[in-house]
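Take a look at the structure below.
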Amino acid sequence: MEFPKDRMKFSSLYGGKKAGKGWLILNLKGIDIEGVNDLAIDVEVLEAILQKGDDQSETAKRARELLGG
C-alpha cells in the first residue's frame, strides 16, 4: 500500500525528542490500530535503510553469480 501523501508530515521535534534530521510522521487516524494515532520515523534511520538497499535483490544477484547465471 502506498501511504497517502496528505497523511504524511515532517517535523524536527516529536514527543519532546529532537532527531538529527527530523521525523517522518504518518497520520494513522481512522486505521484500525487500537490506541495509535500516528507513527514517527527518525529520518536518519530511514536514510540508513535506504542506503542499505534491497537485501532480497542483492541476495538473488549473488546466487545468480554463484550459479554462473
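For every residue, the table says whether it meets (1) modelled with pLDDT of 80 or more; (2) in contact with a strand residue (DSSP E or B) (Cβ under 6 Å, 6 or more places away or on another chain); (3) part of a loop (DSSP other than H, G, I, E, B); (4) among the charged types (D, E, K, R).
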residue: GLU2; (1), (2), (3), (4): no, no, yes, yes
residue: TRP23; (1), (2), (3), (4): yes, yes, no, no
residue: ILE31; (1), (2), (3), (4): no, no, yes, no
residue: THR59; (1), (2), (3), (4): no, no, no, no
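Against the definition (among the hydrophobic types (A, V, I, L, M, F, W, C), more than 13 Å from the chain's Cα centre (by Cα) and at pLDDT below 80), how does ILE49 come out, yes or no? No.
The values are calculated or read from the model by the stated rules, or taken from the named source; none is laboratory data. For clarity, every value in this text was computed on a predicted model and none was experimentally measured. Glycine also receives a Cβ, built like all others from the backbone with ideal geometry; neighbour counts cover every protein chain displayed.
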